1. Using only the alpha-carbon atoms, how far is helix 39-59 inclined from the longest principal axis of the chain? Give it as 0 to 90 degrees, nearest 10.
2. Mind checking the dipole of region 99-142: about its Cα centre, +1 per Lys or Arg Cβ, -1 per Asp or Glu Cβ, Debye to the nearest 20?
3. Treating the angle as unsigned and between 0 and 90°, give the value, to the nearest 10°, between the Cα long axis of helix 76-86 and the longest Cα principal axis of the chain.
4. Around V83, with a cut-off of 15 angstrom between Cβ atoms, what is the net charge of the other residues, counting Lys and Arg +1 and Asp and Glu -1?
5. Which residue, T20, T103, T113, tops the fluctuation ranking in a GNM of the chain built on C-alpha contacts under 10 Å?
6. Dipole of the chain, Cα-centred, from +1 at each Lys and Arg C-beta and -1 at each Asp and Glu C-beta, to the nearest 20 debye?
7. For the Cα atoms of the chain, what angle does the longest principal axis make with the long axis of helix 93-102, in degrees from 0 to 90, nearest 10?
8. Out of F98, Y77, L57, whose Cα points farthest toward the positive end of the dipole of region 1-148 (charges: +1 Lys, Arg; -1 Asp, Glu; placed on Cβ)?
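The values are calculated or read from the model by the stated rules, or taken from the named source; none is laboratory data. Values in this document were obtained by computation on a predicted structure and should not be read as measured data. Because the Cβ atoms are built from the backbone with ideal geometry, glycine has one as well, and the counts that use them run over all protein chains shown. With ligands, DNA and RNA removed, areas are computed over all heavy atoms of the protein, side chains included. Shrake-Rupley method; radii C 1.70, N 1.55, O 1.52, S 1.80 Å.
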Amino acid sequence: MLYVSLNVRLLLLVRDPRGTMQSRKHRDWCPGNPDCDRPSHLCRDLIDDYRTSEILLKKYPSRFRTLRYEDLSLNPYEMTQDVLQFFGLPFDPMVEEFLDTHTKLNIGGVSSTFRDSKTAPFHWKEDLSWEEITEIEEDCTKAMDMWGYRRAHNYTELIQKQFDPLVLPAPFS
Ligand SMILES: *[C@@H]1O[C@H](CO)[C@@H](O)[C@H](O)[C@H]1NC(C)=O
């Protein structure tokens, strides 16, 4: 009841653990900290999040939703409109301007908010070694199946242009 009167809406943003692990390698606060640098910890959390999402969606279908970062990045305009609608907010011209200026080019360092959003989520393909990728996939098999992230069977398959790490449709969508 409390949640209803407060008009709370909750969005859970999920990312491919291969992308998360690659991104975290660039942060000096991460390596050496097991809660941050171990795929098994990350993916145990992703499994917990999936199970909690199932419960929350059943209980609060109009107040809770999940979003994969990759789906947002590949379709920033459509997904942003979608998310704003979920929160009951308008697609303000300033939001559109932000998307126009921040999703098309890579500018700045690791914490910059200017990114080519179509390629940014998938840098792990080039930046992680095949060994690192298989290690993550072994620890994350279940979490990746749940959230619709496709595992590569071998290096040849991974580097092919047509290899799509995303299983569609996104879960819960
Ligand atoms: C790589 O995996 C794909 C998909 O399972 C398969 O078709 C292909 O034969 C494999 N290639 C090698 C070199 O093992």
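1. Tilt relative to the chain: about 20 degrees.
2. 420 debye
3. 40 degrees
4. Combined, the nearby Lys, Arg, Asp and Glu give -2.
5. T113
6. Here the chain has a charge dipole of around 480 debye.
7. The helix 93-102 is inclined about 10 degrees to the chain.
8. Selected residue: L57.
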